[in-house]
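Student: One structure, as structure tokens, below. Some questions next.
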Amino acid sequence: MTAEEYDTWYRTPRGSWIGEAEYRLLYRLLAPAPGASLLDVGCGTGYFTRRFALDGHPATGLDLDAAMLAVARGRRAAGERYVHGNALALPFKDGEFDCCVSVAALCFIADEAAALAEMLRVTRHRLAIGLLHRRSILYLQKGREGGKGAYRGAHWHTARAVRDLFSRVRCEEPRLAFAVFLPGGGLLARAVEWGMPSSAPLGAFLAAAADSRRRSA
């Protein structure tokens, strides 16, 4: 999948619905103060970076893929900036951002604890990450035997594995929530999404948020 194809997917009916469900859950967990600055690690073509910027947050997206960043810069919507960089060595000062998000990037990073520690290093208040959930219908459809399509090579997490990951870095206890219970995006999927509590550990999107220890220092 090219960068252009990846970005176009978010404008399809299914991609738009999934992106909106994931963004709403991340925003609720992150609960950023008005005007809070934000870093999006592994921003890809900038879908989530743009959404936060459009909601009034000075947003910076970081990615290692130059082609993805080129598309992101071409679709800049509200003054957000994009930086080429590695999640394992973020080119920012300690506590430079109020908040940090990362959607699915950790699913493709071998040393996920080191990447998470770097995100927390540059975060003053709260971090929220989105991961692929192994206990989901989407995993059965796309994640087995090494994954299919855009999911090839991705690591799918369980809730237990996420709690273990957060226990290995310096932060408060994470809060977990779920979205995208039926990934098809049709009328039934939307009805289930509306009625299912985000605490139900069945969604394909596993979100985890935690306060930085810097906040309470």
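Student: I'd like the carbon and sulfur percentage of the solvent accessible area for the chain, probe radius 1.4 Å, heavy atoms only, ligands and nucleic acids excluded.
Tutor: Taking all protein chains in place, the chain shows 54 percent carbon and sulfur surface.
Student: Can you compute 3J(HN,Hα) from phi for each residue in segment 49-56, using the Karplus curve 6.51 cos²θ - 1.76 cosθ + 1.60 with θ = phi - 60°, rounded to whole Hz and x for Gly and Pro?
Tutor: 4, 4, 4, 5, 5, 5, 8, x
Student: Which of [x] 28.9, 90; [y] 18.6, 61; [z] 16.1, 47 is the computed Rg and Dmax of the Cα atoms in Å for the structure on display?
Tutor: [z]
Student: So what are the ³J(HN,Hα) numbers for segment 29-43, from phi and the Karplus equation (6.51, -1.76, 1.60; θ = phi - 60°), rounded to whole Hz, Gly and Pro as x?
Tutor: Using θ = phi - 60°, the values come out as 5, 6, 6, x, 5, x, x, 5, 6, 8, 10, 10, 8, x, 6 Hz.
Student: What size of dipole, in debye to the nearest 20, comes out for the chain about its Cα centre when the only charges are +1 on Lys and Arg C-beta atoms and -1 on Asp and Glu C-beta atoms?
Tutor: For this selection, approximately 340 debye.
Student: Quick one: compute the contact order of the chain, relative version, from alpha carbon pairs under 8 angstrom and 6+ residues apart, as a percent.
Tutor: Value for the chain: 20 percent.
Student: Something else about it: For segment 104-154, report the translational diffusion coefficient in µm²/s to the nearest whole number, using Stokes-Einstein at 20 °C, 1.002 mPa s, and a Kirkwood Rh over Cα pairs.
Tutor: Estimated via Stokes-Einstein, D reaches 174 µm²/s.
Student: Could you give the accessible area per residue of segment 76-209, probe 1.4 Å, as a whole number in Å²?
Tutor: Computed with neighbouring chains in place, this is 48 Å² per residue.
Student: Would you mind checking which residues have amide H under 5 Å from Val122's amide H? H placed 1.01 Å from N; only 5 or more apart, or other chain.
Tutor: Answer set, sorted by chain and number: Gly95.
Student: Between Ala200 and Asp111, what is 0.36 nm times their sequence separation minus the Cα-Cα distance? Round to one decimal in nm.
Tutor: Contour length minus Cα-Cα distance gives 29.2 nm.
Student: For q values of 0.12, 0.14, 0.15 Å⁻¹, compute log₁₀ I(q)/I(0) with the Debye formula on a Cα-only model of segment 90-217, without solvent.
Tutor: -0.48, -0.64, -0.72
Student: Sort largest first and round to whole Å: the equivalent ellipsoid semi-axes of segment 1-129, each the square root of five times a Cα gyration tensor eigenvalue.
Tutor: 21, 17, 14
The values are calculated or read from the model by the stated rules, or taken from the named source; none is laboratory data. Being a predicted model, the structure only gives us computed values, none of them experimental. As a convention, Cβ positions derive from the backbone with ideal geometry for all residues, glycine included, and neighbour counts pool all protein chains shown. We work out accessible area using only protein heavy atoms, side chains counted, and drop any ligands, DNA or RNA first. Shrake-Rupley method; radii C 1.70, N 1.55, O 1.52, S 1.80 Å.
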